[in-house]
1. If DNA, RNA and ligands are ignored and the probe is 1.4 Å, what is the ranking of A:LEU81, A:LEU375, B:LEU171 by accessible area, most exposed first?
2. Normalised by the residues of chain A, what does the relative contact order come to in percent, with Cα pairs under 8 Å and at least six apart?
3. For helix B:168-179, report the angle its Cα long axis makes with the longest principal axis of the Cα atoms of chain B; keep it between 0 and 90° and round to the nearest 10°.
4. Show that you can apply the helix-only estimate: for chain A, add -39,500 (n - 2.57) for every DSSP H stretch of four or more residues, divide by all residues, and state [θ] at 222 nm to the nearest 500.
5. Per-residue mean of other chain beta-carbon atoms within 10 angstrom of the beta-carbon, peptide A:393-399?
6. Would the protein assembly as shown count as rounded, prolate or oblate if I go by the C-alpha gyration tensor, calling it rounded below 1.5 in a/c and otherwise prolate when a/b exceeds b/c, oblate otherwise?
7. Ignore the peptide's own chain and count Cβ atoms of other chains within 10 Å of each Cβ in A:465-475; give me the average, rounded.
8. In Å², and per residue, what accessible area does the protein assembly as shown have when probed at 1.4 Å with the other protein chains present?
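The values are calculated or read from the model by the stated rules, or taken from the named source; none is laboratory data. Please read these numbers as outputs of a predicted model, since none were measured by experiment. Please note: Cβ atoms are built from the backbone with ideal geometry, for glycine as well, and neighbour counts cover all protein chains shown. Heads up: the accessible areas ignore ligands, DNA and RNA and are worked out on the full protein's heavy atoms, side chains in. Shrake-Rupley method; radii C 1.70, N 1.55, O 1.52, S 1.80 Å.
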Amino acid sequence: MQSNAHAAGERTKVDIAIIGAGVSGACIARQLSAYETEVALLEKEADVSFGVSKANSGIVHGGFHHGPKYLKTRLEIRGNLMYDRLQRELDFPFSRCGILVVALNDEEMKYIDHLYTQGLENGAIGIEMCSRERMFELEPKLESDCVGGLHAPGGGVIEPYRFVFSVVESAVKNGVQLLREFEVVKAEHSGEKHIVHAADGRVVEARYVVNAAGLFADKVSGIFGAEEFQITPRKGEYYLLDRKTKACPNRVLFPVPTKVSKGMLVIPTVEGTVLIGPTAEEIEDKTDLSTNADKLGQILDQARKMVPSVSQTDVIAAFSGLRPALLPEGDFYIDISEEAPNFIQVAGIQSPGLTAAPAIGEYVKDLLKKAGCRLTEKADYDPFVTKLPRIRDYSPFEADELLAKDAAYGNLICRCEKISEAEIVAAIRAGHTTLDGIKYFTRAQMGRCQGGFCSYKIIKLIMRETGMNYDQITKNGRDSVVLTGRL
Amino acid sequence: MHERTYDVAVIGGGAAGMAAAVEVRRQGLSCAIVERENQLGGILMQCIHNGFGVQEFKKELSGPEFAEEFMDMVADAGTDVFLSTTVDSIEESEQGKELYCYSRKNGVVKLNAQAVILAMGCRERNRGNIRTPGTRPAGVFTAGLAQRLVNVEGYIPGKNVVIVGSGDIGLIMARRMTWVGAKVHGVVEIQPYPAGLTRNIVQCLNDFEIPLYLSHVVSRIEGKNRVEKVTVSPLVNGIPDEDKSFEIPCDTLLLSVGLVPENELSENAGVEISPITSGAVVDSTMMTSVPGIFSCGNVLHVHDLADYAAEEARRTGAYAVAWLQNKKPTRQLRIKAGANVRYVSPGMINPELPDKLYLRTLIVKNNAQLVMKLNNNIVKERKLSHVQPSEMVSVKLTKKDVEHWKAESDSILEVSVQ
């Protein structure tokens, strides 16, 4: 996506087009890349994972939050089990650190009982009811009022955007065509084919279309003349704490859930920082990612109810994400459309969508077969991506060898997260040429200085590697230009 | 792995690092400076305004000129300099310290040193630290990053600018952005008084008719892709007053909201950090809680002037040499920050070898009085014509000051401002 100048009328012909390169679309694309079929993955943003998948809790859930009647529960249980193998294949940071649900009074403890029973019914592996003593054994930083809780050892944490990047990389390696800045504005169906038009004039022809458009799945469904439904954006605000914080727990801490959400969590991220949040607020504007002053106090209060040592001075960033909720039931809507031909709906993928996504990939593959799509396995499918060294994982002695092979690992660009020039160049060469794309791929600019020291160096590397001019450098595509003039 | 051995290793090649290294070399010990950028000078190199050097060189210089004076001294003193080299960790060894350093040119380099001087400087506080709500568009920069972009890289970060914080970098960037053709719509300061030097208020704002909004905050940032506007709110009893808030359309927000000593390397080496200064806790010889590791300049506490940082660093260089020569203080008294004093640095004093103290007040006051008490008896007083938190106060103690002190080993020197 180095250039925005896509040829209008450029026509791509495939068997299956997937709209939306978030975690669902990415996992569907990768699943299909194992078969002899032509697949295009269409993304309206400048990079993959820039929508719902960019900003969420990054939890691989434990399978006890929802009852067995929901499709999302079945896919959550299955998806969770798929993560270990995916990590070996796709080399993304993942830690099965476990989840604790913290009960602060006897009333809440009754609900823990319910969650435990529900988890057992769902088939969640290894879940455990915990006494107060057991809770403090598992998590010494807990608030002293804790009376007990639930332990789900199978839960874990990932960096959601990094996971999507790896999944897409694998899909592309196996032949999927990724079309970025492809905003679907119009579609027609003729002669067994969908003709899908982008805002910039590009066209994709596909026999089958999968609607994995996240917050805009309702709009895309309408464009294809499929079912009418409404996606409600539900905002969640988060605060990111410096890795130096004393409030980092060993496991993901959940409060006892409320009716609308799983509550505000304290999350030890897989990269060592701590995330607190999210709030849950239904809004109207699907592009409203603003944060609000009154929410910080709420989030800190809630987080401190579980971990009293959470401190405002540790905050290094605030952000918000939107959950694409399909109300009132809140379940996933994954099915063959009854209104539009050869059209698969993948909508309402809110929590536990990240956990479920690998299973959604399988499920949609089966739906496509059911819809008549012929899928035969590819002989040369390679599930592995090339592992990229990360200098932060190396001791000085190991680094010595790595630097001998590629000296650019010795040039540390991001001091806070310890990211080298070689890693940033790898991100750029993998097609991540916005500042946010590089941030999500490498972690550079994600630490305590938030890019204050390194962003100009990254801008220079993007220009050097791509030949882009300074005024083409953006934060995250479109008009998010960083520099406005040259001296 | 390359390996080199020195008496003293200095981490950071800005004003403090260079001054410390020059002093170590002047006293005849071997010394290396490790600097992560591709040249010495640190942040001085982007500070192309003048006002540097009045204390150190008795002349007014720009940042790069000030740095060049020290670069010449570093070269003349025969100091080894490792450029484009980042210190990854400091380890204890039987011989002293081992520094593991990464660079493109030399790979991993291990530096052995008897003593280490920390002079890594500070970083800017950012939007997350002050928790400004709103969207997260392009166009929000720390003032120092904007300064780097304009003065070193040659890029203009925006056309219509609002600046948060009236610290010196913010004020200087208000003028600089005006000079490169941008319109600066205002400087917003949370405190009821400006944080920067008076001369900068006059020369950078008043001369260009840039409004200064005291007791105001930017309470919201808006814009989908690039900043489109900010909401500015007056503070009433410390809370933004929504009714009196107003919007300023702009495409750029520069943040000059404070500096924090950058001590992650120090902490990993076991150095105790003060929660007040975010710098190391040091004794009267600028030595940290880890024997053989010293700290000076902005990594110790944030200074107002590079001249002060250099002066402090020169003394630190001398203390490191003395420590290597086994000249250690026999007695040190703890210094306590008393009424209206945020901190005093260093936190100890050697009554046989009194030295300079730097302190910051918590109050704004004209005709204030500095009072030093030893065991509750006043031992020194000094008039201060004006104090405010953003202006560091320096106190030079002489032998004459301390000769009448009746200090026990557990005596505490309390420094307060009234």
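1. A:LEU81, A:LEU375, B:LEU171
2. 20 percent
3. Helix B:168-179 sits at roughly 50 degrees to that axis.
4. Calculated from helices alone, the mean residue ellipticity at 222 nm is -9500 deg cm²/dmol.
5. Across A:393-399, the average partner-chain Cβ count within 10 Å equals 4.
6. prolate
7. 2
8. Accessible area per residue, the protein assembly as shown: 39 Å².
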